[in-house]
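Visitor: I am attaching a structure below and will ask some questions about it afterwards.
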Amino acid sequence: MNFQFHWHDGCSIDWVPGKVVCVGRNYAAHAEELNNPVPETPLLFMKPATALVPLADPIRIPHEQGEVHFETELAVLIGQTLRDATAQEVRNAIAGVGLALDLTLRELQSQLKAEGHPWERAKAFDGACPLSGFVPLQGTDDLQNLTFSLAIDGELRQEGQTRDMIVPVVDLLIHISQTFTLQTGDVVLTGTPAGVGVLRSGQTLTLDLADRIHLTTTVL
Ligand code: ZN
């Protein structure tokens, strides 16, 4: 699988993906739209590297297991090992930012939640994490002042402001590193803003991250 990191000068390098650590309910408005309480500590789950697929490729969704929801999220690429990390170590270890779709079999997830079972079947299946390329942060960038969006067939569906995160990125990575060592090539998904909904075959998706990433993809 080919995942790219784009330098300012136009050069790109490939990198090898590791695990994906995700946080649920990191935007209050999204927790509210699904009638979920906002957790007191970050709600973590993981997707394996086998869930990753390039976001620029047409998205294959499962068709036999109920609705597949899109969740558009700021993704952070880890460039150094983080274990029980300090804020400074986290800042040094963030190699770049990108966008991901946290694809979710919503009906299956609801059923698993009701039964008190883990969510992996609904969130960690092959192809459950379409991922863009990454770009490095620039000197004046503020991780908590980025805007990202998803439009479907030309209609704006999700618009995130990272300042609305309940747990900001650096604090989130500190917290994750106290349970899961983050390694070079791992990716952290930082939660979805409100507006999640159903993906359907034939849709065209346009994703933007500030003025850095702009890509269009389709749903098969
Ligand atoms: Zn999510």
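The values are calculated or read from the model by the stated rules, or taken from the named source; none is laboratory data. None of the values given here were measured: they were computed from a predicted structure. In this analysis, Cβ positions are derived from the backbone assuming ideal geometry, glycine residues included, and neighbour counts consider all displayed protein chains. The area values use the complete protein model at the heavy-atom level, side chains included, leaving out ligands, DNA and RNA. Shrake-Rupley method; radii C 1.70, N 1.55, O 1.52, S 1.80 Å.
Visitor: Considering each of 206, 179 in turn, give the residue that is surrounded by 15 or more Cβ atoms within 10 Å (Cβ to Cβ), more than 13 Å from the ligand (Cβ to nearest atom) and in contact (Cβ under 8 Å) with a residue 12 or more places away in the chain.
Guide: Matching residue, one of 206, 179: 206.
Visitor: How do the pairs read when you match residues in the range 58-81 that are in contact (Cβ under 8 Å) with a residue 60 or more places away in the chain with residues anywhere that are hydroxyl-bearing (Ser, Thr, Tyr) and open to solvent by 70 Å² or more (accessible area, probe 1.4 Å), using Cβ under 7 Å and keeping only pairs 6 or more apart or on different chains?
Guide: As it stands, the answer is 78/184; 79/184; 80/184; 81/184, since those pairs meet every condition given.
Visitor: Is it the case that some residue within the range 38-45 is more than 17 Å from the chain's Cα centre (by Cα) and aliphatic (A, V, I, L, M)?
Guide: Yes, the range 38-45 contains at least one residue that is more than 17 Å from the chain's Cα centre (by Cα) and aliphatic (A, V, I, L, M).
Visitor: Of all residues in the range 2-35, which are aromatic (Phe, Trp, Tyr) and more than 11 Å from the ligand (Cβ to nearest atom)?
Guide: Matches in the range 2-35: 3, 5, 7, 15.
Visitor: Kindly indicate whether residue 195 is within 16 Å of the ligand (Cβ to nearest atom), under 27 Å from residue 85 (Cα atoms) and touching a His at 6+ places or on another chain (Cβ under 9 Å).
Guide: So residue 195 does not fit the description; no.
Visitor: Which residue, of 135, 198, is under 15 Å from the mean Cα position of the chain (by Cα) and among the aliphatic types (A, V, I, L, M)?
Guide: 135
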